[in-house]
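Down below is the structure, laid out as structure tokens.
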Amino acid sequence: MQINRRGVSVADLQAFCAGAVHVGMFIDQLVPFVLIRIEGFYEWSDLPSSVSLLEPGQWQLGDWRGMPTSLALALVDADTGIVLGKRTVMYSDHVSKVFHDALNTQLEHRFDKELIEAVQARVYRKYRNSAEMVRAAQVMHRATRCAD
């Protein structure tokens, strides 16, 4: 996940690198929305996910099944495109399972791009912001440490 920001201060960079990361999963009609917040740096945001956004030849989970999932975060200066910081956050086993189950079901039912976009539009009409999605999330996890 790329976070673009202008005017990043040293304090912002420190908060990005060291702030506790909260991760959750909101699922609507088998479209998982990854929810993320970085304490002291980034308020709740969401990222819808779908295997259908990939080319059909890439629609596979392979060896991911049963493994913890990680989320790579990159902080990018919005004016220059320079990467200012990177970190990786591991989901808990439970969050990983919920995420993989949703993606596996997408593989089984072959959701098309139009359906994914319709689900996203409906969700964004119902929930005014990511924080509201957090309150309706199926699962939440607070990661206190990350790998660099």
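The values are calculated or read from the model by the stated rules, or taken from the named source; none is laboratory data. Computed from a prediction, not measured in an experiment: that's the story for all the values here. Because the Cβ atoms are built from the backbone with ideal geometry, glycine has one as well, and the counts that use them run over all protein chains shown. Heavy atoms of the whole protein, side chains included, go into the accessibility calculation; ligands, DNA and RNA do not. Shrake-Rupley method; radii C 1.70, N 1.55, O 1.52, S 1.80 Å.
Of the whole protein surface, Glu108 contributes about 140 Å² of accessible area at a 1.4 Å probe radius. The accessible area of His109, taken with all protein chains in place and a 1.4 Å probe, comes to roughly 120 Å². Each residue of the range 116-129 was assigned a 3J(HN,Hα) from its phi angle through the Karplus expression (A = 6.51, B = -1.76, C = 1.60, θ = phi - 60°), giving 4, 5, 5, 4, 4, 4, 5, 4, 5, 6, 6, 10, 5, 7 Hz with x at Gly and Pro.
How high is the FRET efficiency from Asp77 to Thr105, r the C-beta distance, R0 41 Å, rounded to 0.05? Provide the component values of the computation, followed by the final result.
On the way: r = 38 Å, r/R0 = 0.93.
Efficiency at R0 = 41 Å is approximately 0.60.
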